[in-house]
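Read through the structure below, which is laid out as structure tokens, and then see the notes.
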Amino acid sequence: MSIPRHRAVLGADQGAVLGARLGRIGALLCAVAAAGTLAVPAFAQSGRATVGNIRIGDDAGQTVWEQPAPAGEKLFKAPAGTKQFKVWFEYDGTAARRAVIKVIAPQGVIAGMQETELSVPGTNSVEFTFEEPLADAEYLVNAYVEVDGRESPADGLTLLVGSAEVIPASNVQNVPVDEDSGGVNPAAPQVNPPPGGNGATAPQAGEPSQLLLLGSGLGVIVLLAIVVWAGMSALKQR
């Protein structure tokens, strides 16, 4: 049985329309998938700070108390009874940005915090003065910059006071977000929980956002559903 010409033409037209429609949806689907894979690096780059070379120095900016340390780490040792020191750092940005320097005591306690507004590249410093001498312990001095209204970790160093020794890495874990100051403690020392305890740690800056990945996945599913629906609709019209 032959197929009428007008039905054959209609079927060809519908096939062309369906092909074009599916092509556009496929392109959109590919774009969303690409956005899902590229969004994580872009998100990480948005938190890339422009504060670095943090160190402890004297009033003239000369580095003091520095100790030998493994590659990629900074270690300083202050004498017992220290009540005051100055932190120096470099800023290489050109936009106005707020920097926050925190002195973090054991268990993630914020022992001191200073803020400064940055607007031009160059060397900057903040001074810490404590009412009581710092206890002999290991402290972290961390620098943060404000990115999209949130504090993003930028640089940091370890400060030993008095007879304190570096806490072995096997006994250190990250501390959750410091809710009182609104900052993130990227590496504040804390003793590991006993066996069977909750050893979960807070996500590190620059790690993939779970919400971002979930949203990308849902978007791909929705677009797949649209492709199926479009195909079924076209078939019903034939």
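The values are calculated or read from the model by the stated rules, or taken from the named source; none is laboratory data. This structure is a prediction, so every number in the text was calculated from the model and none was measured. As a convention, Cβ positions derive from the backbone with ideal geometry for all residues, glycine included, and neighbour counts pool all protein chains shown.
Tabulated data
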read-out: Pairs where the first residue, in region 89-109, is closer than 12 Å to Asp155 by Cβ and the second is of a type in the set (Lys, Arg) and at pLDDT 95 or above, C-beta under 8 Å, 6+ apart; value: Phe89/Arg55
read-out: One residue from Val103, Val64, Val51 being at pLDDT below 95, of a type in the set (Val, Ile, Thr) and on the phi < 0 side of the Ramachandran plot; value: Val51
read-out: Residue that is farthest from Val103 (Cα to Cα), among those in region 65-84 that are surrounded by 13 or more Cβ atoms within 10 Å (Cβ to Cβ) and among the hydrophobic types (A, V, I, L, M, F, W, C); value: Ala69
read-out: Given (1) modelled with pLDDT of 70 or more; (2) under 30 Å from Asn53 (Cα atoms), number of the condition Ile221 does not satisfy; value: (2)
read-out: Qualifying position, being crowded, with 17+ Cβ neighbours inside 10 Å, at pLDDT below 95 and under 17 Å from Met113 (Cα atoms), among Asn142, Asn174, Asn185; value: Asn185
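Every residue, every condition in (1) under 19 Å from Glu151 (Cβ atoms); (2) modelled with pLDDT under 95; (3) in a loop (DSSP other than H, G, I, E, B), yes or no:
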residue	(1), (2), (3)
Ala44	yes, yes, no
Ile56	no, no, no
Gly93	yes, yes, yes
Ala99	yes, no, no
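For (1) more than 20 Å from the chain's Cα centre (by Cα); (2) in contact (Cβ under 8 Å) with a residue 12 or more places away in the chain; (3) under 16 Å from Gly52 (Cβ atoms); (4) not in a loop (DSSP other than H, G, I, E, B), each residue gets a yes or a no:
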site	(1), (2), (3), (4)
Lys77	yes, yes, no, yes
Ala80	yes, yes, no, no
Val120	yes, yes, yes, no
Val141	no, yes, yes, yes
Gly156	no, yes, yes, yes
Leu160	yes, yes, no, yes
